[in-house]
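What follows draws every value from the coordinates through simple rules; no lab data is involved. Since the structure is predicted, the reported quantities are computational estimates derived from the model, not experimental observations. In this analysis, Cβ positions are derived from the backbone assuming ideal geometry, glycine residues included, and neighbour counts consider all displayed protein chains.
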Amino acid sequence: MNGLRRNDADALDRAGTLSQPLVSIVILNWNGRQYLQQYLPFVLASTYGNKQVIVVDNASTDDSLRWLKSNFPEVRLMENTTNKGFAGGYQTALQQITSDYYVLLNSDVEVAPGWIEPVIDLMEESPLIAACQPKILDAGNRTKFEYAGAAGGWLDIFGYPFARGRVFDITETDRGQYDDPAACFWASGAALFVKAACYHEAGGLDSYFFAHQEEIDFCWRLQLAGYKVYVQPASVVYHVGGGTLHKEHPFKTYLNFRNGLIMLAKNLPVGRAIPIIIGRLLLDGVALWRELLQGRPRMFAAITKSHFYFIMWLIWERHKAVFPKQRKGQPAGLYPGSVVWQHFIKKKNTFSEIIGNK
């Protein structure tokens, strides 16, 4: 009888797993063996049953591949022949993965065993929730929100991103003040859950972006298509951040400024885009001269380069972009004012000071 009961329990477990949506956790790797070694075991220990873990390698030159094959042969490995960046690396891989849900997970993220279930439960409740992120805390200081997403991303009128728990470089202490599931403008690419069908319907990540703000652009297109983007703080992950490029790296600055302008040009109606982009260029100009006056000529050059290449994109390379397929949705998490004004002029340092208790 005991044996029968065990067999029955095993059969029920298998049936329960098969009834769950298939979740594919896709980790993009570029010379990140140290992060895979430290954090991949946490991912594999996730309690969600119907999952697969896939590592997509972006032409690493370290020993990531050899180490992964030797230590985790059960992990599916996909290899890109060149470094396609965050956007291109994922876009290439996700075209080849059949699943109900994708989870785009940075290699430098630590997860808890039950981190998947709260997000999937929330997304399964509503067919309109296409993307969602967990609460993201700083792996180095677990009482603080982490820069890349915190408790759900917002966007101001000029395309500057901020988040519940993070305004520019200031991150708040997590006191449970943003523990409610909520609609937001963008979900962080550090731990991005997305319904696979919605990912492909919206065109996926724009490979032209290479890296930085591609998830914001993608979430904008999802919302214009009529879907919602959410944060589910009942799931918590811990992000190291800056594992590939430090936030003060000029290339990161160039990508952020260039991609922010391209995102506005793609997703706003032309009549609104023109004055907003002019305003954004003026604000960028203030940042540009501030960098020069602070003795950081490489950052000055990076912002200047971003504007030049944005104009190049407008004239010659717009055809390479992924544009919204529909414009019927009304995005949530869009602040109608300037977060630059609120933070740098009015000295407001927290999300709730700028937005209120939303």
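Taking Cα atoms of segment 270-319, Rg/Rh with Kirkwood Rh, to two decimals? Ratio of gyration radius to Kirkwood radius for segment 270-319: 1.06. Using only the C-alpha atoms, the convex hull of segment 95-137 corresponds to 102 Å³ per residue. Look at the dipole of the chain built from charges on Cβ: of C198, W313, S19, the Cα furthest out on the positive end belongs to W313. Under 17 Å Cα to Cα from K348, which lysines show up? Leave out anything in the same chain fewer than 8 places away. Of all the lysines, those that pass the test against K348 - Cα under 17 Å, at least 8 places apart if same chain - are K358.
Can you sort R33, R327, R175, R258 so the residue with the fewest Cβ neighbours within 10 Å comes first? Show your work: numbers first, answer last.
Details: R33 17, R327 13, R175 9, R258 25.
In order of increasing Cβ crowding within 10 Å: R175, R327, R33, R258.
Distance check, please: which entries in K228/K266; K135/K228; K195/K252 exceed 21 angstrom between their Cα atoms? The answer is K195/K252.
Can you tell me what percent of all Cα-Cα pairs in segment 219-305 are more than 21 Å apart? Within segment 219-305, distances greater than 21 Å cover 51 percent of Cα pairs. Taking other C-beta atoms within 10 Å as the exposure proxy, E214, E172 rank E172, E214 from fewest upward. If I build a Gaussian network model for the chain, linking alpha-carbon pairs within less than 10 angstrom, which residue out of C132, C184, C198 has the largest mean-square fluctuation? Maximum fluctuation in the GNM of the chain, among the listed residues, is at C198.
Which of V75, V339 comes first, and how do the rest follow, when ranked by fewest Cβ neighbours within 10 Å? Don't jump to the answer; show the numbers that get you there.
On the way: V75 18, V339 22.
Least crowded to most crowded, the residues run V75, V339.
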